[in-house]
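The values are calculated or read from the model by the stated rules, or taken from the named source; none is laboratory data. Treat the numbers as computed from the prediction; the structure is a model and nothing was measured. Please note: Cβ atoms are built from the backbone with ideal geometry, for glycine as well, and neighbour counts cover all protein chains shown. The accessibility values were calculated without ligands, DNA or RNA, using every heavy atom of the protein model including side chains. Shrake-Rupley method; radii C 1.70, N 1.55, O 1.52, S 1.80 Å.
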Amino acid sequence: MKKNLIITILVLAIIVLVANLFKGWFIPSKNDRITDESNRDRDSIMLYTWMSRVDSTLHGKFQQKEGEVINNYVTEKYMTYVQDTLAPALNIATEKIDELTRAKFTLEGQLKAVKDQREKDRIYYENKYMQIVSNTLDSTIKYKYNAIVDVVKYQDRKWLLGKENTYIDISSPDKNMKINGVEHFKKRLDVKPKRIGIGIQAGYYYVPGSNQFQPGIGIGISYNLIRL
């Protein structure tokens with residue numbers, strides 16, 4: 001009786017696994033995921049800003065999330081730019097973009113005139129990142145900014161047994177550059193399982209000599225005939 005029950009459970013488990021492989025009973029289809037994304041407001045990202053204790057630079061951090069369609073994750077204005085300008089400049093279709101990030105910064109500060117570079121009609125302002133030359137004759141300003149932006153992607157958990165999430169941190173060593181917004185999209189990629197796998201296997205095995213199922217554990221090699 002016990003042996004028949006075990007055989008029945010194993011057969012049912014195999015049927016469910018095979019059906020899920022071909023029908024995707026427990027895995028939402030791509031169209032289902034797109035529909036779910038379209039019904040939610042995802043074009044605004046929670047940006048956490050913090051000041052570094054090491055060098056007082058301002059950092060902006062947000063949690064990375066993956067999706068199916070770009071326009072479900074970015075604003076309409078940015079999507080128009082991607083379709084009309086960015087993708088054509090790269091000579092690719094919008095659907096070919098796997099990851100997209102736009103960080104919004106504000107540059108503000110104060111510069112003093114450089115005394116040893118004063119001329120009759122020009123005044124020079126300069127620091128490590130910016131150079132400005134004002135011309136008093138025609139009331140123009142010539143400027144140059146050496147932009148530096150650092151982008152760091154990493155994994156972290158909020159607590160020991162919590163889910164591991166991917167975060168992206170954006171900062172600039174220029175303390176006058178303040179991050180005030182970000183837009184981001186990363187395409188969800190379905191990774192196909194490898195054909196050959198090695199791992200620890202446990203379960204019941206059929207022994208023809210005794211015509212019985214026996215429990216066992218060991219290291220086995222598996223080969224996937226079908227990869228979806």
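Against the conditions (1) out of contact with any helix residue (DSSP H, G or I) (no Cβ under 6 Å at 6 or more places or on another chain); (2) without any contact (Cβ under 8 Å) to a residue 40 or more places away in the chain; (3) not polar (S, T, N, Q), where does Asp55 fall short? Just the number, please.
(2)
Within region 133-166, take every residue that is under 30 Å from Ala113 (Cα atoms) and among the aromatic types (Phe, Trp, Tyr) and give me the one that is modelled with the highest pLDDT. Can you show your working first?
Applying the first criterion (under 30 Å from Ala113 (Cα atoms)) to region 133-166 yields 133-150.
Now drop any that are not among the aromatic types (Phe, Trp, Tyr), which leaves 143, 145.
Details: Tyr143: 82, Tyr145: 85.
Once the filter is applied, the top-ranked residue is Tyr145.
Within region 106-148, can you find the residues that are touching a strand residue (DSSP E or B) at 6+ places or on another chain (Cβ under 6 Å), without any contact (Cβ under 8 Å) to a residue 12 or more places away in the chain and polar (S, T, N, Q)?
Gln117, the sole residue that qualifies.
Could you tell me which residue of region 101-158 is nearest to Asn71 (Cα to Cα), considering only residues that are open to solvent by 60 Å² or more (accessible area, probe 1.4 Å), among the hydroxyl-bearing types (Ser, Thr, Tyr) and not in a strand (DSSP E or B)?
Taking the candidates together, the pick is Ser139.
Go through Asp169, Asp174 for me and flag whichever is modelled with pLDDT of 70 or more, in a strand (DSSP E or B) and within 27 Å of the chain's Cα centre (by Cα).
Working: Asp174 fails: in a strand (DSSP E or B).
Exactly one residue qualifies, and that residue is Asp169.
Quick check, is Glu126 touching a Lys or Arg at 6+ places or on another chain (Cβ under 8 Å), at pLDDT 85 or above and of a type in the set (D, E, K, R)? Break it down stepwise before answering.
Working: touching a Lys or Arg at 6+ places or on another chain (Cβ under 8 Å): no; at pLDDT 85 or above: yes; of a type in the set (D, E, K, R): yes.
No: the conditions fail for Glu126.
Arg195 is checked against (1) open to solvent by 100 Å² or more (accessible area, probe 1.4 Å); (2) at pLDDT below 70; (3) in contact with a Phe, Trp or Tyr (Cβ under 9 Å, 6 or more places away or on another chain) and fails just one. What number does that condition carry?
(1)
With the requirement that a residue be in a helix (DSSP H, G or I) and open to solvent by 90 Å² or more (accessible area, probe 1.4 Å), what does region 84-100 give you?
Going residue by residue through region 84-100, those that are in a helix (DSSP H, G or I) are 84-90, 94-96.
Result: Asp84, Leu90, Glu95, Lys96.
Counting only residues that are out of contact with any strand residue (DSSP E or B) (no Cβ under 8 Å at 6 or more places or on another chain) and open to solvent by less than 30 Å² (accessible area, probe 1.4 Å), how many does region 46-83 have?
Of region 46-83, the ones out of contact with any strand residue (DSSP E or B) (no Cβ under 8 Å at 6 or more places or on another chain) are 53-56, 69, 71-72, 76-77, 79-81, 83.
Going one step further and asking which of them are open to solvent by less than 30 Å² (accessible area, probe 1.4 Å), we end up with 72, 79.
Going through region 46-83 one residue at a time, the tally reaches 2.
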